[in-house]
């Protein structure tokens, strides 16, 4: 029965179809599959829809709820607009991988039990790696391998946790828990690796900027936000998440400020924004969880929009560093305006989607009396305007004139950006459209004059700080070391050093080894004889040829001994 | 967004100076607006006059300086990781 099938299966079928089809048919499949999936998402009623037997467990691949539908909706929408953006430029295998990846995200959204969640989780890990590889450069191949290793590691950690929970509770149900014992900690760690939380956050800024201009649009949307959904479902109100989220918020800003590569700036700001959501899940009140869900929805839209504008710039100019860009606004008006709308949204500027969703999280912190959390989130809002709101558009489209006069975006890329820009503004102007679909009833007025004045002060004076500090913000031809230094340089260097330090020990070991080898050889030749027995020499005891009669005699003796012992 | 129609409008010096004046006026207005519009403070300090402006400015200043300081230790040349051959 089709209404019981997971909408993810439609996406999987579409992904396979894209690989098989050619030309216009493929374009049609790229655009229609997500729309069909979107329709299917809204056919899923609340509650568990079907169960299957797997080993001795009851699997529930489809469970509906407002929260799950909200996430699946934005994932399907993202696949549609991303597909529109990518389909003329991306290779067919990139599109197929991206749609499998989206199917994984939608599957996780509806997974009613931990086993289905894990299966779709790994589907995402696999195909997102392929998307990274579609960058097609040596750097993207290496980054893809590092990305895969980390995500498979995260998958193993998650699996260990799931098995622990199943063993101790006997249930594979997805129910809210707190990180109290080993298994729940493992589940939390597995999810947090995908959320790009510290200390293994560096995979995101390492891998995303190495993918193709279209690939990074897909990558920015799914992995971290499914992790946020999993946190909302499994760990609402887990206090550890407040600290983790705040760290991510600040870390994202500081690294984005240091960065020169335009997509790496955006990658760090993904970590920053997911930090807001993780922190909200940690606060755990109904308003905070609404905030996390709403912010994830809005974030996918404006972050994809920003990655799209960066992708157009890279596609048109072939350059990806702030130091090589500038002055592009003169010939790329559509891309510039869409980028500015995305940048204002991420900065939660009034009238954009960021304002109406992020302020839910701040409000939830204020309602709970969490002074420091509220103050840090407010400071971070200012910091977001600094690094993503102004820095990104300024260095790409304005600053000095780089002399580049590239053409504006191709029509399909421009249309994708315009759709998401419009969505950013619509969600900012009519927040109740989104509030209606949040998991809990919303009793919150986004726009009060006081709030607007406060945020305008905060953001505009951050802007003033940016332009006054511009000499300090001058981009340099550098990269910044992150935690990935550990496995790209630190550990290999430590191994080499250890190898050198062990040299004398190895020599002694070698001498001892050859001495013991000689001893063994001597013993074996003494008792077993020479290895080669083709000559007529006298053999050692066990290597000699014995007449068959002797063997028969010995067997007879042994057997009669056995019988004797048996009767005694 | 005027820049599309008039390509070099934004790049001229006198216009940039004008923009600074406009920007300053807007900044002043957002602070002065607090005289007539009540800003609700959740923790007393955030309701003070001009708190948002000062907090935003100071926080950004600190973050930029902190990033700058951290950059002294963390920044490396583009070619630092060997496989990062310049074909991205």
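The values are calculated or read from the model by the stated rules, or taken from the named source; none is laboratory data. For clarity, every value in this text was computed on a predicted model and none was experimentally measured. Every residue, glycine as well, gets a Cβ built from its backbone with ideal geometry; the counts of neighbours run over all protein chains shown.
Key figures
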item: Spans of helices (runs of 4 or more DSSP H) in the stretch A:175-267 with at least 1 residues over 22 Å from residue A:71 (Cα atoms); result: A:182-194, A:202-207, A:240-258
item: In the stretch A:366-379, residue surrounded by the fewest Cβ atoms within 10 Å (Cβ to Cβ) [restricted to those that are part of a helix (DSSP H, G or I) and more than 9 Å from every other protein chain (Cβ to nearest Cβ)]; result: A:372
item: Single residue of A:335, A:352 found to be surrounded by 24 or more Cβ atoms within 10 Å (Cβ to Cβ), touching a helix residue (DSSP H, G or I) at 6+ places or on another chain (Cβ under 6 Å) and more than 12 Å from every other protein chain (Cβ to nearest Cβ); result: A:352
item: Failed item in (1) crowded, with 19+ Cβ neighbours inside 10 Å; (2) not in a loop (DSSP other than H, G, I, E, B), with residue A:159 passing the rest; result: (1)
item: Only one of A:287, A:248 that is in contact with a helix residue (DSSP H, G or I) (Cβ under 9 Å, 6 or more places away or on another chain) and free of Cβ contacts under 8 Å to residues at least 60 places away in the same chain; result: A:248
item: Selected residue (criterion: nearest to the chain's Cα centre (by Cα)) from residues of the stretch A:162-174 that are more than 20 Å from residue A:126 (Cβ to Cβ) and touching a residue at least 24 places away in the same chain (Cβ under 8 Å); result: A:174
item: Scope the stretch A:380-408; condition closer than 16 Å to residue A:325 by Cα and either facing chain B (nearest Cβ under 9 Å) or part of a loop (DSSP other than H, G, I, E, B) (or both); matching residues; result: A:397, A:398, A:399, A:400, A:401, A:402, A:403, A:404, A:405, A:406, A:407, A:408
item: Residue A:84 being more than 14 Å from every other protein chain (Cβ to nearest Cβ) and farther than 17 Å from residue A:193 by Cβ; result: yes
item: Some residue of the stretch B:24-44 being more than 8 Å from chain A (Cβ to nearest Cβ), modelled with pLDDT of 90 or more and surrounded by 14 or more Cβ atoms within 10 Å (Cβ to Cβ); result: no
item: Unique match (being in contact (Cβ under 8 Å) with a residue 40 or more places away in the chain and closer than 23 Å to residue A:251 by Cβ) among A:463, A:428; result: A:463
item: Residues of the stretch B:47-75 satisfying the condition of being surrounded by 14 or more Cβ atoms within 10 Å (Cβ to Cβ), more than 7 Å from chain A (Cβ to nearest Cβ) and more than 20 Å from the chain's Cα centre (by Cα); result: B:47
item: Given (1) under 32 Å from the mean Cα position of the chain (by Cα); (2) loosely packed, with under 13 Cβ neighbours inside 10 Å; (3) modelled with pLDDT of 90 or more, number of the condition residue A:462 does not satisfy; result: (2)
item: Filter pass, residue A:499 being over 30 Å from residue A:206 (Cα atoms), surrounded by 10 or more Cβ atoms within 10 Å (Cβ to Cβ) and modelled with pLDDT of 85 or more; result: no
